[in-house]
Amino acid sequence: MTMTSTRTNRTAIAATLLGLFATIAGTRAQDLCVCSPRKYKVAFDIAQDCQSTDDISGKPGVEDAAQFCSPYVKEVTRVVIKEYNKITGAPIETPFYFDPPVTSGEVEYTSVSNELITGVPLKDQSNLVPVSIYVRLWGNDENGQPVMNYPITSFMHYTNECNGSPINFDNSGLGYVSFTTAEAASDEFCQLPPPDLCVCSPRIYRVAWDTSWENCKNNNIAGLPGIAAASPFCKYNANMKEVYTVTFKEYNIYGIEFKTTEFDMNDYIQPGQRHVRNGYIDYVSVSNELDPSVPLEDQLDRVPRSIKVELLGDAHEYGIYLRHINYSQIIYTNECGTGPINFPNGVNVPDNVFQTTGRLGIFGYNYLEPASEDFCPQLPPLTGTGTGTGTGTVTGQQIIKNQETINNQGSKSGKSGNNQ
């Protein structure tokens, strides 16, 4: 077997992105970082399970990841790796060829970020900043004929946030493909945020969901004061028919997951009902434990940088049920002076919460308790009313989880409603 590699479409672009870089209280050096690997080992095995293999979604520094398990490719003749940069979005393409064809193999890939020059500001070489990587497996069908469309595909998008934690893939599977970090990101371009942080994210959220596919592109949260990024993700072009679990994940300022609370929807199915589809949950953030008498730098284990909400369920597509995860994630700036995060409609939380809250994909965000003045100074005036008690109205279309009595270990109490 012989394997060759050729990199094409390498265009040197000299540009400066003013506006990509902001300051936090005038001291943050840069809000764009490169924490993805400089060198990868990319392996594949098309005999292994594809659909349920995903060890990458939710990793710190990874915004989203997905795979397409093509049923047509039975042997691989070519692996094509594409990276997309921060400036133009144009792909940098590197093909690897296999002769004779194989069903498994491994290639070593050097990222464009390996060309970043130490000592040169990142803003002056943003054409070398990868925001995503795609791996496509091309080959032959069961009759030995070349497959012209629908290659096997695995891809991930990076957050490019500054969390000081280089992304470490350790044979991390994504469909038929697995990734290993052969050389981690440079410390110069994967920095920690400064210590002068504030916490302006809500102490108690109300998060609703409506699993209809047409909601997937909603986003009126990105760009709000205090929001660094907000992204929804729907894995399949199909309505989710049944929701099994709702999971809240919070990540600290280093991008590491440090609180996970999972709600099993089967615990709340009412008599005569079969499953849960749409509803809303009140969630208590780890920031609710912040102690005003203790300096913030001494309790960073209670400072969230981002929150991610995941729905695990089944979608009916092509006559079969496909289990998958839909999610949304909000990344905060943690800057001081913006006041509390104010999702659309302020603190007004009506019963029909999804129709009136901040929209992010199939999710709606609001809050019952805003950030504390002790950790979010220069608060602007608030309007509206809010009790912070986490109560609500249950209908046949909803499940409600009252987290007024939920502790941080995720104990549960409340009522439920769901649809057939």
Requested in this report: May I ask you to give the solvent-accessible area per residue for region 75-193, in square angstrom, as obtained with a 1.4 angstrom probe?
Outcome: 40
Query - Accessible surface of Glu183 - all protein chains present, 1.4 Å probe, nearest 10 Å² - result: 60
Query raised in the report: Which order, highest average first, do 33-44, 49-60 follow once you tally other Cβ atoms within 10 Å for each residue and take the mean per peptide?
Result: 33-44, 49-60
Report summary line: region 271-313 -> Rg/Rh from Cα coords, Kirkwood Rh, value 1.22
Requested in this report: Relative to the compact-globule scaling 2.2 N^0.38 Å, provide the ratio for the alpha-carbon radius of gyration of region 245-331.
Outcome: 1.40
Query raised in the report: What distance in nm separates the simple spin-label points at Asp291 and Thr245, each placed 7 Å from Cα in the Cβ direction?
Result: 3.2
Report summary line: Sorted by chain and then number, the residues having a modelled amide H within less than 5 Å of the amide H of Arg203, at least 5 places away or on another chain, are Glu369, Ala371
Query raised in the report: For Ile269 and Ile256 in the same chain, what is the full-extension length gain: residue separation times 0.36 nm, less their Cα-Cα distance, in nm?
Result: 1.4 nm
Query - Computed FRET value (nearest 0.05) for Ala43 with Leu300, which takes r as the C-beta separation and R₀ as 22 Å - result: 0.05
**Report entry** Zero-based 5 Å bins, Cα pair distances in region 140-190, whole percents
**Finding:** 4, 15, 17, 18, 14, 11, 8, 6, 5, 2, 0
Report task. Using Cα centres only, tell me the gap between region 204-238 and region 258-292 in whole Å. Result -> 17
Report task. Please give the direction-averaged projected area of the C-alpha convex hull for region 96-241, in square nanometres with one decimal. Result -> 13.9
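Would you mind checking Lys86/Lys308; Lys86/Lys259; Lys123/Lys308; Lys41/Lys82 for any pair whose Cα atoms are more than 22 angstrom apart?
Where the Cα-Cα span goes over 22 Å, the pairs concerned are Lys86/Lys308; Lys86/Lys259; Lys123/Lys308.
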Query - Unit charges at the beta carbon, dipole of region 191-307: most positive-side option, Met265, Pro304, Ser287 - result: Met265
Query raised in the report: If Arg359, Arg274, Arg206, Arg78 are ordered by their accessible area, calculated over protein heavy atoms with a 1.4 Å probe, which sequence runs from highest to lowest?
Result: Arg274, Arg78, Arg359, Arg206
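When you count, for each residue, the other Cβ atoms within 10 Å and take the mean per peptide, how do 146-157, 110-121, 302-313 rank with the highest first?
So the peptides 146-157, 110-121, 302-313, ranked by packing, come out 302-313, 146-157, 110-121.
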Query raised in the report: Across bins of 10 angstrom width beginning at 0, how are the C-alpha pair distances of region 30-127 distributed, in whole percent?
Result: 12, 38, 34, 14, 3
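The values are calculated or read from the model by the stated rules, or taken from the named source; none is laboratory data. The shown structure was predicted, so the numbers you read here are calculated from the model rather than taken from an experiment. Every residue, glycine among them, receives a Cβ derived from its backbone with ideal geometry; neighbour counts consider all protein chains shown. Please note that ligands, DNA and RNA were not included when accessible areas were found on the heavy atoms of the full protein model with its side chains. Shrake-Rupley method; radii C 1.70, N 1.55, O 1.52, S 1.80 Å.
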